[in-house]
Amino acid sequence: MPLSTRHLLGIKYIEREDIEQIFETADNFKEVINRPIKKVPSLRDITIANLFFENSTRTRLSFELAEKRLSADTINFSAGSSSVKKGETLLDTVNNILAMKVDMVVMRHPMPGAPVFLGKHIQAQIVNAGDGTHEHPTQALLDGFSLREKFGELKGLRVAIVGDILHSRVALSNIFLLNKMGAEVRVCGPPTLIPKYIHSLGVGVSYDLRQTLQWCDAANMLRIQLERQDIKYFPSLREYSLLYQLNMPLLEQLGKPLVIMHPGPINRGVEITSEVADSEQAIILEQVENGVAVRMAVLYLLAGMG
Ligand code: CP
């Protein structure tokens, strides 16, 4: 079955059936990457450009590895060391790269909507690897895949997303995905970090971390994105931690199993303590492992739509 879209611009723009198909394909690729020979020839002769206009560790390396496991040819671009610094526009940069006969573009950009804009101007297929505060679709897919692996299915699951919801593309993409898959979502954080339009997204809201954790089966703990905050949204990180940090005493008081997730990068000692992040209940490194299989699935399925 083909996907309903040529590009992966956001979870908002894909169907529940697309998500199911990506998960089922990722199941197969997860099996492949755990074999002694981890490489398959699926994307031989396909060239993929990884264009990163914003910093990344996990997403960039995970896409690169997924592409190599699929035998694609890859080129990598980082804005910091490019002619963007000399004033070249996004469209000129991308058109110059496409002139080198590139089939697919994986792009991270600080401006919300940059991949959508690009999709209107170029022929190559685009995968959004995170656009500002808008969407991070492959993160939501790997989060959903990891939850499905842990619980069997997403339908009926209660998932809390905690922290800086206002600036988080991970939160928005997760909300779209979990809603489409029939899970219940509650966001939790300081009132200033919860967007005013949040109810229109069909999620619950709480300002109380303990109550939220008592309610949910899994908690996705988000980082405070100080780099996107031009004003102060709370008095201090210390006060934030007092109210919204997931630490071992709180976890023990809950007296129930809780699956703990984090998209990374972690600010240890702020939203989560090291003890909790490194505990048996945290699936943070499983999320990273699953990211490769999920990105292989996305690239493989989109290549078939080229
Ligand atoms: N989760 C995530 O997007 O991490 P990076 O910013 O390191 O890619």
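From the list V94, V32, exactly one residue is of a type in the set (V, I, T), surrounded by 14 or more Cβ atoms within 10 Å (Cβ to Cβ) and in contact with a His (Cβ under 9 Å, 6 or more places away or on another chain). Which is it?
On the way: V32 fails: in contact with a His (Cβ under 9 Å, 6 or more places away or on another chain).
Only one candidate qualifies: V94.
Hey, among N55, N76, which residue is in a strand (DSSP E or B) and within 16 Å of the ligand (Cβ to nearest atom)? First the steps, then the outcome.
Details: N55 fails: in a strand (DSSP E or B).
Answer to the check: N76.
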Has segment 44-53 got at least one residue that is in contact (Cβ under 8 Å) with a residue 60 or more places away in the chain and closer than 30 Å to G182 by Cα?
no
Could you say which residue among P36, P2 is over 23 Å from H134 (Cα atoms), outside any helix (DSSP H, G or I), not assigned by TED's automatic domain parsing to the domain that holds M107 and not aliphatic (A, V, I, L, M)?
P2
Only one of (1) surrounded by fewer than 16 Cβ atoms within 10 Å (Cβ to Cβ); (2) within 15 Å of the ligand (Cβ to nearest atom); (3) among the hydroxyl-bearing types (S, T, Y) fails for S71. Which number is that?
(2)
If I ask for residues that are under 16 Å from F176 (Cβ atoms) and either touching a strand residue (DSSP E or B) at 6+ places or on another chain (Cβ under 8 Å) or not in a helix (DSSP H, G or I) (or both), which ones from segment 137-159 would you list?
P137, T138, Q139, D143, L147, L154, K155, L157, V159
I'm trying to understand the selection: among the residues of segment 79-97, which are of a type outside the set (S, T, N, Q) and either in contact (Cβ under 8 Å) with a residue 40 or more places away in the chain or within 16 Å of the ligand (Cβ to nearest atom) (or both)?
A79, G80, V94, I97
Only one of (1) among the charged types (D, E, K, R); (2) under 30 Å from V106 (Cα atoms); (3) more than 20 Å from the chain's Cα centre (by Cα) fails for E275. Which number is that?
(2)
Does V40 meet the test of being more than 20 Å from T25 (Cα to Cα) and not aromatic (F, W, Y)?
no
Restricting to segment 179-202, name every residue that is at positive phi and of a type in the set (S, T, N, Q).
none
Of the candidates I260, I224, I266, I231, the one satisfying the condition of being in contact with a Gly (Cβ under 9 Å, 6 or more places away or on another chain), outside any helix (DSSP H, G or I) and outside the structural domain of A72 (by TED's automatic domain parsing) is I224
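Go through the residues of segment 100-108 one by one and say whether even a single one is in a helix (DSSP H, G or I), more than 16 Å from the ligand (Cβ to nearest atom) and either among the small types (G, A, S) or over 23 Å from the mean Cα position of the chain (by Cα) (or both).
Quick first cut of segment 100-108, residues in a helix (DSSP H, G or I) only: none.
Scanning segment 100-108, I find no residue that is in a helix (DSSP H, G or I), more than 16 Å from the ligand (Cβ to nearest atom) and either among the small types (G, A, S) or over 23 Å from the mean Cα position of the chain (by Cα) (or both), so the answer is no.
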Identify, by number, the condition in (1) farther than 14 Å from V298 by Cα; (2) away from the ligand (no atom under 16 Å from the Cβ); (3) part of a helix (DSSP H, G or I) that D45 doesn't meet.
(3)
What are the pairs, 6+ residues apart or on separate chains, where a residue within segment 118-130 that is at pLDDT 90 or above has its Cβ under 8 Å from a residue that is away from the ligand (no atom under 13 Å from the Cβ) and of a type in the set (K, R)?
Q125/R6
Cross-chain or 6+ apart pairs with Cβ under 7 Å, segment 266-280 first and of a type in the set (S, T, Y), then at pLDDT 95 or above
T273/Q245; T273/N247; T273/M248; S274/R268
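The values are calculated or read from the model by the stated rules, or taken from the named source; none is laboratory data. Everything quoted here is computed from the prediction, not taken from an experiment. We place every Cβ from the backbone using ideal geometry, glycine too, and count neighbours over all the protein chains shown.
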